[in-house]
Amino acid sequence: MAKDVLCEVNSCNYWASGNKCNASSIYVVGNRGKKAQTSEETDCKTFEPKI
């Protein structure tokens with residue numbers, strides 16, 4: 001589990017100083033039914049495909 005979750009969306013209610021996220025859980029949307037191969041195909045910049 002990630003120790004710190006970073007977020008650049010300072011207009012979000014859960015955004016905190018230092019680009020930290022204060023939400024109790026995180027929901028990342030995938031490529032709508034397609035198997036994502038790159039981070040550009042998700043809304044997660046830290047995405048890495050399973051090998």
Legend entry - Loop trypsin sites (Lys or Arg not before Pro), the chain (other Cβ atoms within 10 Å of the site Cβ: 11 or fewer; DSSP): LYS3, ARG32, LYS35, LYS45, LYS50
Inset, instruction - Mind checking which of VAL9, GLN37, CYS21 is farthest towards the positive end of the chain's charge dipole, using Cβ charges of +1 (Lys, Arg) and -1 (Asp, Glu) about the Cα centre? - result: GLN37
Inset, instruction - Would you please give the residues with an amide H less than 5 Å from that of ASN31, counting only those at least 5 places away or on a separate chain, with H modeled from the backbone geometry? - result: ALA36
Legend entry - Diffusion coefficient, µm² s⁻¹, Stokes-Einstein with Kirkwood Rh over alpha-carbon pairs of region 5-51 at 20 °C and 1.002 mPa s: 178 µm²/s
Inset, instruction - Work out the count of Lys pairs in the chain where the Cα-Cα distance is under 20 Å, with the pair 8 or more places apart or on different chains. - result: 7
Legend entry - Per-residue HN-Hα couplings for region 7-16 [Karplus 6.51, -1.76, 1.60; θ = phi - 60°; Hz; x = Gly/Pro]: 8, 9, 8, 6, 8, 7, 4, 8, 5, 10
Inset, instruction - Please list the non-local residues whose amide H lies under 5 Å from the amide H of TRP15, H modeled 1.01 Å from N, same-chain partners needing a gap of 5 or more. - result: ASN22
Inset, instruction - Run the dipole for the chain about the Cα centre, Lys and Arg Cβ at +1, Asp and Glu Cβ at -1, nothing else charged, and hand back the magnitude in debye, nearest 20. - result: 180 debye
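No value in this document is a laboratory result; all are computed from the given coordinates. Just so it is clear, the model here is predicted, and its values are computed rather than measured. Every residue, glycine as well, gets a Cβ built from its backbone with ideal geometry; the counts of neighbours run over all protein chains shown.
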